[in-house]
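This report concerns only the one structure given below.
The values are calculated or read from the model by the stated rules, or taken from the named source; none is laboratory data. Quick caveat: nothing in here was measured; it's all calculated off a predicted structure. Cβ sites come from the backbone with ideal geometry, for glycine too, and all protein chains shown count toward neighbours. These accessible areas exclude ligands, DNA and RNA; they are computed on the full protein's heavy atoms, side chains included. Shrake-Rupley method; radii C 1.70, N 1.55, O 1.52, S 1.80 Å.
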Amino acid sequence: MIQRPRGTRDLLPEDMARRRSVEKVMLDTALRFGFGEVCTPMFEELELFTMKSGQGVIGEIYNFKDKGGRDLALRPELTAAVIRLYANNMQDAPKPIKVFYFGECFRYERPQKGRYREFRQFGAEIIGGDEVATNIEIVSLALEIISGLGLKGQGIRIGFLDILRILFEEIGVGRNDQGPFMTLIDKGDLDGLAKLFEERGLIGQVTDIILKVAATKGKEVIQKARDLLRDRSKCLDALDKLEAILNGIRSSALPGTEDVEVDLGIARGLDYYSGMVFEVDISDLGAEKQVCGGGAYALTELFGLEATNSTGFAMGVDRLILAIEQQGILGPMKGPTAYVIPFKGTEERAREVVSELRSAGVPTDLDLSGRSLSKNLKYAASIRALFAIILGQKELEKGVVTVRDLDSGDQTEVPLGDIIGYFKDK
Ligand code: HAM
């Protein structure tokens, strides 16, 4: 039998119900924060993803030639696409531009629990505006969504990537050569980083500072970082901005903001970040615990546009659902409120009852198989219906239906004319 491709998943009604309820929180929160929704294609010109990251990124993505010989790629993420959308359609729109999106992403990953080749992201981006204010807004949106989902035990870390980038420039490692160093920092492999410095003959006072900065984590470490970076005015400016962003987030009094930690070792996996960066982990998830990541980035210049502050984040919808399942936040999926069981000769009236209930907004299902009463009751329980409505000849003659509570087994007769009223508040 044909199976689905490796690293992909099929979602059953119960899975989709969970996804819808998670995405409803995201949608409502983003709208409440004044963001507007955008949608971009699932495939883009391959160049959109290579122009910043280089040809090396091709190993990590799904790319192909179409029948016209064009080089295309399934998108691995949406930030570059949103900036393309901005360059194509929204350059003249008043700034800041605040947008959000839902979309499938594709990465040629080694699949494991929580890491897929096709996965879904919710994300938000702000283009333009003041650097500190927009970063406070973007982190606040992410935290509001996570707390709105009812999740517990999340670690929120926030850093400022420019500090490491400035120090790398100081030792002669330019912006485009920082990749291998950043990958090690991203993995938290500081021994590997020290080894790489050694291999490249980069040992010295500044590499020591880089190693110390990359290990600077905790709640009250900004002063420590200031001491470490004294005399470097650009780094001190960056720390001032980070402190202002932190104070802004903390003063929003959102639940969880008291737990936000500084982590100057956040390097992020993608190449385009420059200023503030942040990540949210949920430790219950094990190896693939990062549910959200983002930060400030510079991409508009790649489209020949002037440099514009931009910042954003994306959340892994699938990972958040795993966390929600693990923490038992969403109960089992609810079935229809009513399941209508007709008998020979009452089918027509039963269908009318179904239509009336559906028109009144009561989720209603009905027997489509002509089964016996006992089989129908079993089936209704299996689809988690709350009540069965039994309409036999006897009931029809009396002008009633028998309503059976499928949980308790209690039965009552309800006049045909009162059914809507009876189910209104169920
Ligand atoms: P990212 O960290 O690569 O950032 O992905 C964001 C989130 O997508 C991750 O935190 C994770 O929850 C989820 N995710 C990533 N890869 C997978 C996978 N293979 N399977 C399941 N979930 C995954 C970005 O994509 C940036 N575009 C975020 C951003 C927006 N930065 C600025 N604006």
(message) Tell me the net charge near R358. Cut-off is 12 Å between Cβ atoms, R358 excluded, with +1 for each Lys or Arg and -1 for each Asp or Glu.
(response) -2
(request) Note the full-extension length gain between Q223 and I329 as 0.36 nm times their separation in residues minus their Cα-Cα distance, in nm to one decimal. (result) 34.3 nm
(message) How far apart, in nanometres, would the label points at S372 and E37 be if each is projected 7 angstrom from Cα along the Cα-to-Cβ direction?
(response) 4.8
(message) Connecting C-alpha atoms closer than 10 Å in a GNM of the chain, tell me which of K95, K375, K289 has the biggest fluctuation.
(response) K375
(request) Give the carbon-plus-sulfur fraction of the accessible surface of region 13-326 in %, rounded to a whole number; probe 1.4 Å, heavy atoms of protein chains only. (result) 49
(request) Please give the FRET efficiency for M16 paired with K95, using the beta carbon to beta carbon distance and R0 = 45 Å, rounded to the nearest 0.05. (result) 0.80
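Provide the FRET efficiency to the nearest 0.05 for the E45-D237 pair, computing r from the beta carbons and using R0 = 35 Å. Before the final figure, lay out the partial values.
Values: r = 37 Å, r/R0 = 1.05.
Computed FRET efficiency for E45 and D237: 0.45.
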(message) Largest first, please: the extent of the C-alpha atoms of region 46-203 along each principal axis, to the nearest Å.
(response) 47, 45, 40
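Near G34, within a Cβ-to-Cβ distance under 13 Å, what is the net charge of the other residues, with Lys and Arg +1 and Asp and Glu -1? Intermediate values should be presented prior to the final figure.
Numbers: positive: R32, K98; negative: D28, E37, E137, E144.
Cβ neighbours under 13 Å give a net charge of -2.
Only loop residues by DSSP count here, and only those with at most 10 other Cβ atoms within 10 Å; note down the chymotrypsin sites (Phe, Trp or Tyr not before Pro) in region 317-426 that meet that.
On the way: sites: Y339, F343, Y379, F387, Y422, F423; in loops: F343.
Sparse-neighbourhood loop chymotrypsin sites (Phe, Trp or Tyr not before Pro): none present.
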(request) In Å and from the alpha-carbon atoms only, list the Rg and Dmax of region 13-326. (result) 19.2, 59
(message) Of all beta bridges DSSP finds with both residues in region 338-423, what is the antiparallel percent, to the nearest 5?
(response) 55
(message) Below 13 angstrom from the Cβ of L202, what's the summed charge of the other residues (Lys, Arg +1; Asp, Glu -1)?
(response) -4
(request) With a/c under 1.5 counting as rounded, go ahead and sort region 152-192 into rounded, prolate or oblate using the C-alpha gyration tensor (a ≥ b ≥ c being the square roots of the eigenvalues; past the cut-off, prolate if a/b is larger than b/c, else oblate). (result) prolate
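Pulled fully out, how much extra length does the chain show between K344 and T8, if you take 0.36 nm times their separation in residues and subtract their Cα-Cα distance? Before the final figure, lay out each step's value.
Values: separation 336, 0.36 × 336 = 120.96 nm, distance 4.57 nm.
Result for the pair: 116.4 nm of gain on full extension.
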(message) In Å, what Kirkwood hydrodynamic radius results for region 312-426 from the alpha-carbon pair distances?
(response) 15.6
(request) Just subtract the alpha-carbon distance of A360 and R115 from 0.36 nm times their residue separation and send over the number in nm, one decimal. (result) 84.0 nm
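If you count only protein heavy atoms with a 1.4 Å probe, what accessible area per residue comes out for the chain, rounded to a whole Å²?
49
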(request) Would you kindly calculate the translational diffusion coefficient of region 336-400, applying Stokes-Einstein with the Kirkwood radius from alpha carbon pairs, for 25 °C and a viscosity of 0.890 mPa s, and quote it in µm² s⁻¹ without decimals? (result) 209
